[in-house]
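Please read the structure below before turning to the comments.
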Amino acid sequence: MSKTCIITGASRGIGKAIAVALSKRDDISNFVLIARSEEGLNNTVKEMNQDKNIQCKPMDLTLYEDVASYIHSIGTHYGSIDMLVNVAGYAEPKSLLETTMENWEKTYSINVHSIFNITKESVRFMKKTGGKILNVASTAGSSARPGWLAYASSKAAIISMSQTLSEELADYGILVYCISPGRCATELRKVLAPDEDPTTIMQPEHVGEVVRNLLSDEGVCLDGQNIVVRKQVEKIRENEPAI
Ligand SMILES: NC(=O)c1ccc[n+]([C@@H]2O[C@H](COP(=O)([O-])OP(=O)(O)OC[C@H]3O[C@@H](n4cnc5c(N)ncnc54)[C@H](OP(=O)(O)O)[C@@H]3O)[C@@H](O)[C@H]2O)c1
């Protein structure tokens, strides 16, 4: 069956790697890639399987009404939305007293509210046929990260949303996955740890392959739980911050 898959945050980093990895699958025919950078999205398309039908949508996910109406047009056009992969994220690490309301609201609007909005609109279609939703949280969402209050707590919200939606949507045949990557070599990671050598940590392609497996038939019993994705070496670097 030809499936339709929406991926946010697909202009670079983990979202790009997931798009490239999923494009190797035979059962997904249509890809919808969302992020603000048109150039970034076009670069992602160049690395994907060229046999696929790929639609790029440069769009700010915090323009909630525009996003809702676009998702409605996608669902109507393809007749179903089979997979939604929520990857887009934002981080501006600050301590409590340095966190402005603007920082707090921006972090939550991208990391939490936009997932609520796009998931709601996608599920209107997905519930007719069943499907899979995968949310990208972070290890910062399940353990303390002093100095990253807004980011870490927004990721905790994603873990909680995923667990609740996993049970709420089960009757429609919708599986909800949540992954929490550890430190991964992307632009966002550079914001969180500017002095780190990116060659020493997990690469986006590692996460892409994990997601490809999770969203295959082999991953059918792994929904509804927070799945940590990180290199073994990260687990023993206990005194350093990892996201
Ligand atoms: N890197 C890590 O170590 C790590 C660890 C744990 C979790 N994560 C999570 O993994 C996800 C991907 O992050 P990454 O590390 O790959 O970072 P990244 O390279 O900075 O990518 C972030 C993506 O989000 C998109 N985005 C941000 N704001 C957006 C908005 N308002 N509207 C639409 N798209 C927006 C960006 O696209 P545009 O700028 O083109 O809009 C970009 O594609 C995030 O949720 C992050 O929290 C990352």
Estimated [θ] at 222 nm from DSSP helical runs (n ≥ 4, -39500 (n - 2.57)) normalised by residues in the chain, nearest 500: -12500 deg cm²/dmol
Mean Cβ neighbour count within 10 Å, used as a protection proxy, ranking 180-186, 89-95 highest first: 180-186, 89-95
Distant-in-sequence amide H partners of Q225 (H built 1.01 Å from N, under 5 Å): C178
For the chain: relative contact order, % (alpha-carbon pairs under 8 angstrom, 6 or more apart): 20
The stretch 145-196: equivalent-ellipsoid semi-axes (sqrt of 5 x gyration tensor eigenvalues, Cα, Å): 29, 13, 6
Listed residues A137, A193, A150, most fluctuating in the chain (Gaussian network, C-alpha, under 10 Å): A193
Kirkwood hydrodynamic radius of the chain, from inverse mean 1/r over distinct Cα pairs, in Å: 17.9
Centroid-to-centroid separation of the stretch 180-213 and the stretch 1-60 [C-alpha atoms, Å]: 19
Residues D66, D223 arranged by fewest to most Cβ contacts within 10 Å: D66, D223
11 Å beta-carbon shell around L41, net charge (K/R +1, D/E -1): +3
Residues with amide H under 5 Å from that of G147, placed H, sequence gap 5 or more: L96
Max mean-square fluctuation residue, GNM over the chain, Cα-Cα springs under 10 Å, options I34, I118, I201: I201
Full-extension gain in nm, N49 to K120, via 0.36 nm per residue minus C-alpha separation: 22.7 nm
Stokes-Einstein translational diffusion, the stretch 56-153 - Kirkwood Rh over all Cα pairs, 1.002 mPa s, 20 °C, in µm²/s: 146
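Since every read-out is calculated from the coordinates, none of them should be taken as a lab result. Just so we're clear, the structure is a prediction, and the values are computed from it rather than from any experiment. Here the Cβ is made from the backbone with ideal geometry for all residues, glycine too, and neighbour counts use every protein chain on show.
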